Amino acid sequence: MIELKDVNFSYDSVKPVLNNINLQIKCGEFVAVVGANGSGKSTLAKHLNGLLVPASGDVVVIGINTKDATKSLAVKQNVGMVFQNPDNQLVSAIVEEDVAFALENLQVPHAEMKVRVEEILEKLGILECRYRSVEELSGGQKQRVAVAGVLAMRPRFMVLDEPTAMLDPQGRNDVMALLKKLNSECGISILLITHFMEEAALAERLIVLNDGNVILEGAPKQVFGEVELLHKSGLLLPQITRFCAELKLREGWGIVDEDECVVELVKILEGS
Amino acid sequence: MIRFENLTYIYYRGLPNQCVALDNICLEIKAGEFIGLIGPTGSGKSTLIRHMNGLLKPTVGRVLIELKEVVMKSTRFEVGMVFQYPEDQIFEQTVFKELVFGPRNMNLSESEIKKRIFEILDFVELPSEVLESSPFDLSGGQKRRLAIASVLIMKPKVLVLDEPTVGLDPVGKKSILQKIKQYHEKEKVTVVLASHDIEEIAENVNRIIVLDKARVKMDGSVAEVFSRADELIKIGLDVPKITKVFGKLKQMGYNTKLVYTLAQAQAEFARLLGQRE
Ligand SMILES: Nc1ncnc2c1ncn2[C@@H]1O[C@H](COP(=O)(O)OP(=O)(O)OP(=O)(O)O)[C@@H](O)[C@H]1O
Ligand SMILES: Nc1ncnc2c1ncn2[C@@H]1O[C@H](COP(=O)(O)OP(=O)(O)OP(=O)(O)O)[C@@H](O)[C@H]1O
Ligand SMILES: [Mg+2]
Ligand SMILES: [Mg+2]
């Protein structure tokens, strides 16, 4: 479990960025964090693997307080992180080596490493880029490499800061499917930061940040009902959810899937 | 008008890692068009875009703007370009310096620059407190807003945007695009918008160009391109979900037109309901 207790943080000790955050991310959970630009999402993410430590309050990762500098390696090995900008993350010049790098640190045996790297590059559709230099990739290819590194590591907790922002629709679906699978089959806990409400809707629990405060927390369908509060926090419901909600369907807030939407529309058209 | 004549671009030509990023592209974009440029990862969108202000020089063929050939680094002011990564275009120490850089190079008066700064902060919805901050202390989405602002403040005649809404929060994304569209309509500027967000493409553009594997795969109106959903999905793209919903209704035998935006969906559904009564 990752636990945040009364966490406060400021970059310049003048302007507060995180205000009294209390949160728990349990083992095996899939949590999404949403909120306006500048609301503190990336700052929160960087607290989860000890990259930032709170000014007051504590972050405890499977029993280790992130303030304990002697255990920072253990924290980093348990909490894998995909940064908002892939350039802050990619360390090796060559794609394949970059993905392998993380595994070397975890002392994964060489033969297994090779298999895992190939497998993940294949699943993310960039196997053909394996020998290429990271520098010369397109935006979406680079982002896939950054995601591949952490997925290959299979840490207990994965924190992903807008990992699909530059992907094409297929890539976005692939990444979401992989995250779902790692979560349900391997029990890996996932914390996903995203501006895509369709992705947030797939989480078990949704956390809404506004100006450094957690203002809403709950199942996506429940949170989606708070339209005005969400709008004030820079958020809009998925397009088909808005469409259904405006038709005043009973379950309108909960409809994110096109098949569900079709079923509801047919009900209305057939007058039942 | 922007014209691409038999444009081919090869990275590392002749080397073992050579990569053909554009393969004989022929396109014409008329003044005042709002173009959506879509294509799967690595299809060549950013490479095409980088030819429009001379950041890249064609391996074969040429690019013309208003009948003048684009040469390296020539058209910086006429063509405003927002890069895929804001970090690639932000380099000053403060937000203020970043914003005045372009206008000062254009020799605008200080009073005009000042006026534009406040207009543009409002446009991208950044508070004026950020003016003295370092751009590197901004959040991802704030950096993106700054990158957009630093280009729009020059009021370019041609606006080329490489995934400009990546990282913006949903409300900001919608409103900034709406304002870009208004600017396009009012000033009759040409806009090229590369994006993976098909909803924003459907809502804003007049014409879609689809790139796939370095070539132009489709070129047409929103309706023409999105009516080929199966082909788009096959190459890793998609159509708006609302389009799929109405596609399914049609398959089930309802007499519906295809829709691409929320407004169209609402109107069409009202029509369907009316028909039933
Ligand atoms: N600097 C570079 N050196 C070598 N090859 C490059 C370079 N930049 C891009 N490429 C390659 O050229 C091809 C086209 O890349 P480009 O960046 O134009 O794609 P894109 O359509 O913009 O993709 P994305 O949606 O991921 O941004 C890709 O295969 C990419 O790997
Ligand atoms: N290195 C830094 N130094 C000073 N202030 C910072 C720094 N990084 C972020 N901030 C400020 O802290 C606040 C929260 O930033 P953060 O990056 O956590 O936001 P975010 O929710 O991730 O936003 P986005 O959706 O734009 O990525 C913002 O006001 C930002 O300007
Ligand atoms: Mg962020
Ligand atoms: Mg690109």
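The values are calculated or read from the model by the stated rules, or taken from the named source; none is laboratory data. From a predicted model like this one, the values you see are computed outputs, not experimental measurements. When we count neighbours, we look across all protein chains shown, and the Cβ atoms used for this are built from the backbone with ideal geometry, even at glycine.
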Check your understanding: Only one of B:262, B:258 is at the interface with chain A (Cβ under 10 Å from one of its Cβ atoms) and in contact (Cβ under 8 Å) with a residue 12 or more places away in the chain; which?
Key -> B:262
Exercise for review: Would you tally the residues in region B:156-184 being away from chain A (no Cβ under 12 Å), assigned to a helix (DSSP H, G or I) and charged (D, E, K, R)?
Suggested key: 2
Review point. Looking at region A:21-34, is at least one residue free of Cβ contacts under 8 Å to residues at least 24 places away in the same chain and away from ligand 2 (no atom under 12 Å from the Cβ)?
Key: yes
Point to revise | Residues of region B:185-198 that turn out to be out of contact with any helix residue (DSSP H, G or I) (no Cβ under 6 Å at 6 or more places or on another chain) and away from every other protein chain (no Cβ under 14 Å), as a count | key: 8
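A quick yes/no check of all residues on (1) part of a helix (DSSP H, G or I); (2) more than 16 Å from ligand 3 (Cβ to nearest atom); (3) surrounded by 22 or more Cβ atoms within 10 Å (Cβ to Cβ); (4) polar (S, T, N, Q):
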| residue | (1), (2), (3), (4) |
| --- | --- |
| B:111 | yes, yes, no, yes |
| B:117 | yes, yes, no, no |
| B:121 | yes, yes, no, no |
| B:130 | yes, no, no, no |
| B:136 | yes, no, no, no |
Review point. Listed residues B:145, B:104; which is more than 16 Å from ligand 1 (Cβ to nearest atom), more than 14 Å from chain A (Cβ to nearest Cβ), assigned to a helix (DSSP H, G or I) and farther than 30 Å from residue B:227 by Cβ?
Key: B:104
Point to revise | Candidate set: region A:46-88, residues that are in contact (Cβ under 8 Å) with a residue 60 or more places away in the chain and surrounded by fewer than 20 Cβ atoms within 10 Å (Cβ to Cβ); chosen: the one farthest from ligand 4 (Cβ to nearest atom) | key: A:62
Point to revise | Total residues in region A:52-95, condition away from chain B (no Cβ under 14 Å) and away from ligand 3 (no atom under 13 Å from the Cβ) | key: 30
Check your understanding: Restricting region A:162-201 to residues that are within 16 Å of ligand 1 (Cβ to nearest atom) and among the β-branched types (Val, Ile, Thr), which is nearest to the other protein chains (Cβ to nearest Cβ)?
Key -> A:164
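A quick yes/no check of all residues on (1) within 16 Å of ligand 2 (Cβ to nearest atom); (2) of a type outside the set (Ser, Thr, Tyr):
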site	(1), (2)
B:157	no, yes
B:162	no, yes
B:166	yes, yes
B:172	yes, yes
B:175	yes, no
B:178	no, yes
B:190	no, no
B:193	no, yes
B:197	yes, yes
Review point. Across region B:87-118, what is the number of residues that are within 23 Å of the chain's Cα centre (by Cα) and of a type in the set (Lys, Arg)?
Key: 1
Study note, to complete from the structure: Per the filter on region A:144-161, residues assigned to a helix (DSSP H, G or I) and either modelled with pLDDT of 95 or more or within 14 Å of chain B (Cβ to nearest Cβ) (or both) are A:144, A:145, A:146, A:147, A:148
Practice item. Assess whether residue B:125 counts as being within 12 Å of chain A (Cβ to nearest Cβ) and closer than 18 Å to residue B:50 by Cα. Key: no
